[in-house]
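Novice: Structure in structure tokens, see below.
Coordinate-derived values only; no laboratory data. A quick note: this is a predicted structure, and the numbers were derived from the prediction, not measured. Don't worry about glycine lacking a Cβ; one is built from the backbone with ideal geometry, like all the others, and counts go over all protein chains shown.
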Protein chains: 2
Amino acid sequence: MKEQDCLALAEKVAGRIFVPLEASGRHVHITREQAQILFGHGLTAKRPLSQPGQFLANERVTVVGPKGEFRNVAVLGPERKEAQVEISITDGRQLGIQPPVRLSGDVTGTPGITLVGDMGRITLNRGVMAAKRHIHLSPEAAKWFSVKDGQVVQLQALTERPCIFQQLVVRVSPDFAPAVHLDYDESNACGFRPGDYGRILP
Amino acid sequence: MKEQDCLALAEKVAGRIFVPLEASGRHVHITREQAQILFGHGLTAKRPLSQPGQFLANERVTVVGPKGEFRNVAVLGPERKEAQVEISITDGRQLGIQPPVRLSGDVTGTPGITLVGDMGRITLNRGVMAAKRHIHLSPEAAKWFSVKDGQVVQLQALTERPCIFQQLVVRVSPDFAPAVHLDYDESNACGFRPGDYGRILP
């Protein structure tokens, strides 16, 4: 067996036992109309993300809060029905906003913020959150781990500063590739390095 | 029983079952000689910390890394035998330094940094670290929880984003008050709020 084949096999076996960890930095989702205002055109793809169909856009924004701002913030495509600004609690401190911990899409009652693009500026009335930790699984992977869409599980992070993350929501869809999504507070807290895995606990 | 007495009793009971969580922001320890250079005098106490004899100093420093700096960083007293700069991994990214995760005092092989006070500037050859999570206990509290100095335990954080922190080192001393020390990455990752407790797992 060639070394390359061995590595590919090892990856495949790991994927049956573990779920890859991913750290999501601060990022923004916007609508088609908002993209027009901010950039004068729709989002264009720079590179694909781990989730099929999702991409990092060439376009970037400045996120402006009451106490501070972040320049050059990633915008993820494709466009969505409503804007959403995902930051860590640490980021919130610098911006002067306390982001509630929410699952993606659950924007009711969340604080607003201002986005600045190279062509325009938008003030959102809501949409700022710290992403609630969650696990993406394909239906096939959900079977391997015997979990269901919406199930809440614990996950052992196999990292330098090990911890067990609790109350992770499992989201199952044919559009998903297996991945645990942590924000930067969580990934730094567990000493995550690219290539690290987690194990769903029974 | 008066309400005040009830609250005091509740606190006492909680202290037998749980350990208070504390979030340590970035801070600096320095020597007597370094205080002289940075401020022209020794450290002066602004307010006491939870650990007996320790204090937050009136004096503050700017911490300067290769890629960024933090102004107005807390200095903790009393002075120590060697300087130590405790930052989070998130802070390290902003400074352009990768802090190794270490227990306090274990500075061998750690990176250096520059400190600026209102009277002078010092470049340290070593001392930058992300503090390894740990638990302070008095000998009495160690008995209640049946753990020993140096023991490695797991801790359930009873917080908004619950998780179990693993590989916490227990440090027992008559000079200690019971407290779990987390850095800001860890405290934000678990959604810590002042007054939250943790439970040492058997």
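Novice: How many percent of all Cα-Cα pairs in the protein assembly as shown sit more than 26 Å apart?
Specialist: Of all Cα-Cα distances in the protein assembly as shown, 61 percent exceed 26 Å.
Novice: Still on this structure, please answer the following. Quick check: the angle from helix A:3-17's long axis to the longest principal axis of chain A, C-alpha only, nearest 10 degrees?
Specialist: Between the helix axis and the principal axis of chain A, the angle is about 80 degrees.
Novice: I'd like the antiparallel share, as a percent to the nearest 5, of DSSP beta bridges with both residues in segment B:90-188.
Specialist: Percentage antiparallel, nearest 5: 65.
Novice: In this model, which of B:LYS81/B:LYS148; B:LYS12/B:LYS132; B:LYS81/B:LYS132; A:LYS81/A:LYS143 are farther than 23 Å apart at the alpha-carbon?
Specialist: Long pairs (Cα-Cα over 23 Å): B:LYS81/B:LYS148; B:LYS12/B:LYS132; A:LYS81/A:LYS143.
Novice: Using the number of other C-beta atoms within 10 angstrom as an exposure proxy, rank A:TYR197, A:TYR184 with the fewest first.
Specialist: Fewest-to-most Cβ neighbours within 10 Å comes out as A:TYR197, A:TYR184.
Novice: Hey, got a sec? Which trypsin sites (Lys or Arg not before Pro) in segment A:2-61 land in a DSSP loop and have at most 13 other Cβ atoms within 10 Å?
Specialist: Hits after loop and neighbour filter: A:LYS2.
Novice: As a test, work out the antiparallel percent of DSSP beta bridges whose residues both lie in the protein assembly as shown, rounded to the nearest 5.
Specialist: 70
Novice: Please return the longest stretch of chain B lacking exposed loop sites, where GluC sites (Glu not before Pro) count only if DSSP places them in a loop and at most 15 other Cβ atoms lie within 10 Å.
Specialist: B:1-81
Novice: Checking the a/c ratio against 1.5 first, then a/b against b/c, what shape does the Cα gyration tensor give for chain A?
Specialist: Here chain A falls in the prolate category.
Novice: Compute the separation of the alpha-carbon centres of segment A:148-163 and segment B:17-69 and state it in Å as a whole number.
Specialist: 35
Novice: Compute the convex hull volume of the Cα atoms of segment B:18-128, divide it by the residue count, and report the result per residue in Å³ as a whole number.
Specialist: It comes to 105 Å³ per residue, whole-number rounded.
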